[in-house]
Amino acid sequence: MSSSLRNISTRSAKSLHGVLIDLRDEKPEELRIEFHTLPLIADLYNNNQDEEIFETFSRFALEGSIQDSNDLYLLIRSYLRTKRVDEAIEVMTSNLDAVFSNRNIIYEYIILLGKLGNYSKMNHAVSVLKERYGTNGVHAKVLQALLISRAPPDEIEDYISSMKMRYEENAPYEITRAGINSKSLELALEYAEQMQDTPRNNYMALRTYFRTGNKNKARIIIDKMKPP
């Protein structure tokens with residue numbers, strides 16, 4: 001922290017959202033805290049200090065002062081972890097350039113817009129993602145958003161084909177994940193049947209069979225997962 005801030009005693013100043021108000025003079029003077037003097041967002045996020053992230057960085061986020069898109073991503077994930085959906089959308093709307101420069105943030109933006117029913121902005125974000133990143137931008141969260149928004153069947157099938165191109169043998173897992181998270185259980189069940197026998201795939205298949213009431217198939221998976 002800068003020397004000018006250290007020299008203000010705790011009795012003669014108050015802090016409000018990153019601004020110190022010097023109360024020693026008749027006319028209060030605002031001394032704005034420099035962003036680089038604050039804790040690292042990554043450290044706070046990894047320690048589950050979500051309230052401190054919100055209290056410390058919300059103003060900076062809305063002002064567009066968080067230049068590192070990875071920091072912005074962690075802040076948004078922190079908001080979502082604490083169910084601050086409206087605040088997360090507000091931050092994204094205030095930082096669209098940063099949103100569209102980071103695939104991970106675009107995925108979160110697309111899925112939130114889908115859940116909120118803002119399909120025009122969701123489809124625009126999907127188009128930007130495709131234009132900027134091509135096949136590398138294909139992701140289960142985009143399929144999830146398309147399923148939630150009840151996109152036309154041919155659009156869903158086209159996106160599933162894109163996922164098969166990107167993920168190849170792991171595509172059934174990613175498609176099943178999108179199906180489960182969007183409550184498209186028939187799709188999840190279809191692709192759960194196609195997954196290879198691996199611990200991760202078996203866990204996803206187990207989730208699918210429990211959700212769809214397939215107790216016998218779930219029991220078979222459980223037996224496979226038991227140690228010898």
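The values are calculated or read from the model by the stated rules, or taken from the named source; none is laboratory data. Just so it is clear, the model here is predicted, and its values are computed rather than measured. All Cβ positions, glycine included, derive from the backbone under ideal geometry; neighbour counts span all protein chains shown. To get the accessible areas, we keep the full protein, side chains included, count just its heavy atoms, and leave off ligands, DNA and RNA. Shrake-Rupley method; radii C 1.70, N 1.55, O 1.52, S 1.80 Å.
Computed extension gain for His124 through Leu96, at 0.36 nm per residue and net of the alpha carbon distance, reaches 8.9 nm. Temperature 4 °C, viscosity 1.567 mPa s: under these conditions the Stokes-Einstein estimate for segment 63-121, based on its Kirkwood radius over C-alpha pairs, is 115 µm² per second. Near Gln194, once Lys and Arg are set to +1 and Asp and Glu to -1 for all other residues with Cβ below 11 Å from its Cβ, the sum equals -2.
Projected label points at Lys115 and Tyr133, each 7 Å from Cα along the beta carbon direction, are separated by 1.8 nanometres. Using the Karplus relation 6.51 cos²θ - 1.76 cosθ + 1.60 with θ = phi - 60°, the per-residue 3J(HN,Hα) values for segment 37-50 come to 8, 7, x, 6, 4, 4, 5, 5, 5, 5, 9, 6, 8, 5 Hz, with x marking Gly and Pro.
Candidates Met92, Ile66, Ile111 compared by Cα position along the dipole of segment 34-118: farthest toward the positive end lies Ile111, with charges placed on Cβ. At a 1.4 Å probe radius, carbon and sulfur cover how many percent of the accessible area of segment 135-216? It is 46 percent, rounded to a whole number. Phi-derived couplings, Karplus 6.51 cos²θ - 1.76 cosθ + 1.60 at θ = phi - 60°, listed residue by residue for segment 74-87: 5, 4, 5, 4, 4, 4, 5, 5, 10, 6, 8, 5, 4, 5 Hz, with x used for Gly and Pro. Computed over neighbours whose Cβ is under 11 Å from that of Leu129, the net charge equals +3, Lys and Arg +1, Asp and Glu -1. In this structure, the residue pairs whose Cα-Cα separation is over 29 Å, taken from Lys83/Lys217; Lys121/Lys217; Lys164/Lys224; Lys115/Lys224; Lys121/Lys183, are Lys83/Lys217; Lys121/Lys217; Lys115/Lys224. Coupling constants for segment 167-174 follow from the phi torsions by the Karplus curve (6.51 cos²θ - 1.76 cosθ + 1.60, θ = phi - 60°), and in residue order they are 8, 6, 5, 8, 4, x, 4, 5 Hz; glycine and proline get x.
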